[in-house]
Amino acid sequence: MVIQLRELFQVEGMCLPVEYEMMPEELTDVRGYTFDAPVKVSGAFLNRAGIVTLKYNVSCTLHVVCDRCLAELSRDYAYDFTHTVVRSLHSEGDQYDTYLVAEHDSIDMNETAMSDLLLMLPTKMLCREDCKGLCDICGCNLNENTCDCRK
């Protein structure tokens with residue numbers, strides 16, 4: 001979803017709400033994650049005293065496999081993000097990770113939301129913090145069963 005911001009940059013005090021969903025079918029190119037439900041994006045662009053800020057929330061439900069015991073489960077995640085939006089960067093000292101650049105006065109919200117979300121998601125997925133994993137000898141799930149392999 002591309003958001004046009006030309007008017008927002010020109011009108012102080014203007015607020016541009018953003019609320020939509022990205023369907024799981026649209027996210028098939030996201031490697032390493034399977035979405036069980038639409039990714040919800042809600043927030044707003046706000047021009048206060050000539051400074052444009054984007055504040056928004058991204059929430060999703062992921063289908064994950066525990067990295068220790070291989071159990072499949074669904075897990076909900078929600079994160080809040082804030083960005084200062086600029087039309088361009090004027091000096092080499094400005095950093096792209098500090099500002100969200102609205103080239104041609106527009107922002108691709110899908111790209112921004114997915115980029116922010118993927119940076120926040122945990123790299124190690126566990127069914128629970130104290131997951132015992134699988135026995136490295138017989139392969140039984142040590143959360144559900146005990147084995148005599150280690151004796």
Please tell me if Thr146 is under 26 Å from Arg31 (Cα atoms), open to solvent by 40 Å² or more (accessible area, probe 1.4 Å) and more than 11 Å from the chain's Cα centre (by Cα).
no
Flag for Gly43 being modelled with pLDDT of 95 or more and not acidic (Asp, Glu)
yes
Filter pass, Met14 being in contact with a helix residue (DSSP H, G or I) (Cβ under 6 Å, 6 or more places away or on another chain), over 16 Å from Thr123 (Cα atoms), open to solvent by less than 70 Å² (accessible area, probe 1.4 Å) and not hydroxyl-bearing (Ser, Thr, Tyr):
yes
Restricting the search to the range 17-50, which residues are under 22 Å from Arg75 (Cα atoms), small (Gly, Ala, Ser) and either open to solvent by 60 Å² or more (accessible area, probe 1.4 Å) or part of a helix (DSSP H, G or I) (or both)?
Gly32
Note on Asn110: of the conditions (1) over 19 Å from Val39 (Cα atoms); (2) surrounded by 12 or more Cβ atoms within 10 Å (Cβ to Cβ), unmet is (1)
Given (1) more than 29 Å from Leu8 (Cβ to Cβ); (2) loosely packed, with under 11 Cβ neighbours inside 10 Å, index of the condition Leu62 fails
(2)
So which residues in the range 59-87 are aliphatic (A, V, I, L, M), assigned to a strand (DSSP E or B) and closer than 24 Å to Glu129 by Cα?
Leu62, Val64, Val65, Leu73, Ala78
Just checking, does the range 122-143 include any residue being part of a loop (DSSP other than H, G, I, E, B), in contact (Cβ under 8 Å) with a residue 40 or more places away in the chain, touching a Leu at 6+ places or on another chain (Cβ under 8 Å) and under 20 Å from Met22 (Cβ atoms)?
no
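The values are calculated or read from the model by the stated rules, or taken from the named source; none is laboratory data. This is a predicted model, so every value here is computed, not measured. Note: ideal-geometry Cβ built from the backbone for every residue, glycine included; neighbour counts use all protein chains shown. These area figures cover heavy atoms from the full protein model, side chains too; ligands, DNA and RNA do not enter into them. Shrake-Rupley method; radii C 1.70, N 1.55, O 1.52, S 1.80 Å.
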